[in-house]
Each structure stands twice: as C-alpha cells, then as structure tokens.
Amino acid sequence: MPAVIYNEQIAEGVYRLAVEGSFAARMGQFYMLRAWEMYPLLSRPLSVFNVEDHYIEFLYLVAGEGTAIFSKLQAGDEITLEGPLGNGFSKPAGRTAFVGGGIGIAPFYYALKQVPDADVYLGFSREAYLVDEFKALTSGEVITNVGGIILNQVDFNRYDTIYTCGPHKMLEAVQLKQADSGTAADVYVSLENRMACGIGACLVCSVKCKEKNKKACADGPVFRAEEVVFE
C-alpha cells in the first residue's frame, strides 16, 4: 500500500499531500483516496495536482470528515489510491487560459506542465498560496485575486481555449460570461461534485446537461461550459 511522503499545511485549511509510488495521469484527471477502513463509507475524489517519477501530489481543502482525516496524515502513514479516473482536459488549441477559484486551482499546476505558455488566473477568498510555484511553470501571465472575483480579471475574447475549476457558483458565472461576451473560445468547466464509486456505476455524481444527464466521474469531471445546466 502506498505511503505518505509529506502532508504540509500551506494555508488555512489547505494541504499539499505527496504519496510515494509510480503514478500516471492526464491533466484534469482525479484519484479516489481513502485513509480509513470502514468509516467514512466513501473515498474522496481529489484532482491530480502534480506527478513526478516517484510520487504524486494532491492539493485539498479540509471541508468534511474525510479531508479532516487526510489532514492528520503523517509521513509513513498508509493510504489507498484508485485512479487515474475521469476524462480530464483535452489538448487545447491556440491561446489558453486556466481559471481557478479557491481549491479549484488544484488541477492547473499539473496542466501547466503540459501547456507551459498558458495564462493562469488564481482566485482566493482569504490568502494566496503557491503563486510563485505557478509562475515558475509558465511563460504566460499569472494573475491573482484575493477577496474578489477572479472572473472579472479574465477577458474571454483574448483566448481560444479556457479551462475553469471552482465552486459551482463560479462555474455558473463562467457560463453566463461565455454567453454575454460572445466569445468564440472553447470554454470548459471542471466540476467538483461529490462522488461515490468514481467509475460511473452509481448516480451520486449526476450532472444535469442540456441533452441528457451525465456523470461527473465517468463523463467528466470536465464538460463544455454551455452543455451543463446549473441549478
């Protein structure tokens, strides 16, 4: 069973977890993690933050019982990982922007390794973190916003491809801004839905879409912004 290398608190309630082993992932994919036997019942989905030769990293926010357990992990503790799961981000075309709100910045660090000329927009509610690390990965711009609305900094008409991740309210605003701006860009949202199985065998992570309901784990977590129906 894989073991924890480090589990560092980098901001209030935000941790950077590294797990030893040889792992693979495409940008935007996730793993299901658990560090317990019976309770809580469900594993927790975490976006891939980074992959190196001998370890994988996750960035997470303590938001409930599962992530609270993760926050107490120490070097050498065992943890179970299942993945990589999900479809992730397709290869972008043209000028690209990554827009993350809060812990929604997590999948964009690894994505920048694949798209090192992209612009990055990082929005935080209270304090910024990892900004220098993001700047080190890209030749594009890194724009941060603390306590405001990061979408206000993004001109959708400057880009050909835009990937976004964050709270549902933010992603709903992405969809509205896409329509209002009249942009020709391909705009995508990465959903942070609660999941159970992670492989599409249940309906816990159902996503209402214009044509039919889909599953965040198997069909996503990345969707074209215009196809999702936010409620």
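The values are calculated or read from the model by the stated rules, or taken from the named source; none is laboratory data. Keep in mind that this is a model prediction, so the values were computed, not measured. Backbone-built Cβ (ideal geometry, glycine too); neighbour counts: all protein chains shown. Just the protein is used for accessible areas: all its heavy atoms, side chains included, with ligands, DNA and RNA removed. Shrake-Rupley method; radii C 1.70, N 1.55, O 1.52, S 1.80 Å.
Quick notes on this structure:
- Whether region 68-134 is rounded, prolate or oblate, judged on the alpha carbon gyration tensor where a/c under 1.5 counts as rounded: oblate
- Remark: the chain carries a charge dipole of roughly 560 debye about the Cα centre, counting +1 on each Lys and Arg Cβ and -1 on each Asp and Glu Cβ.
- Converting phi to 3J(HN,Hα) with the Karplus coefficients 6.51, -1.76 and 1.60 and the offset θ = phi - 60°, region 59-71 yields 10, 9, 10, 6, 9, x, 5, x, 5, 5, 5, 4, 5 Hz in sequence order, with x at every glycine or proline.
- Cα long-axis angle, helix 168-181 against the chain (0 to 90 degrees, to the nearest 10): 20
- Max mean-square fluctuation residue, GNM over the chain, Cα-Cα springs under 10 Å, options Cys217, Cys209, Cys165: Cys209
- DSSP beta bridges fully contained in region 111-231 are about 40 percent antiparallel.
- Model label points for Ser125 and Asn87, set 7 angstrom from Cα along the Cα-to-Cβ axis, are 3.0 nm apart.
- When DSSP beta bridges are restricted to pairs lying wholly in the chain, around 60% turn out antiparallel.
- Considering all different alpha carbon pairs of region 1-91, the Kirkwood hydrodynamic radius works out to 13.2 Å.
- At 0.890 mPa s and 25 °C, Stokes diffusion of the chain via Kirkwood alpha-carbon radius, µm² per second: 138
- Where region 72-198 is the region considered: accessible area per residue in Å², 1.4 Å probe: 45
- Carbon and sulfur %, accessible surface of region 1-151 computed with the full protein complex present, 1.4 Å: 49
- Largest GNM mean-square fluctuation across Gly102, Gly148, Gly86, computed for the chain with C-alpha springs under 10 Å, falls on Gly148.
- Centroid-to-centroid separation of region 61-97 and region 209-228 [C-alpha atoms, Å]: 20
- Debye log10 I(q)/I(0) for region 157-196, one point scatterer per Cα, at q = 0.21, 0.24, 0.32 Å⁻¹: -0.63, -0.78, -1.13
- For the chain, built as a Gaussian network whose Cα springs stay under 10 Å, the top-fluctuating residue of Ile56, Ile103, Ile69: Ile69
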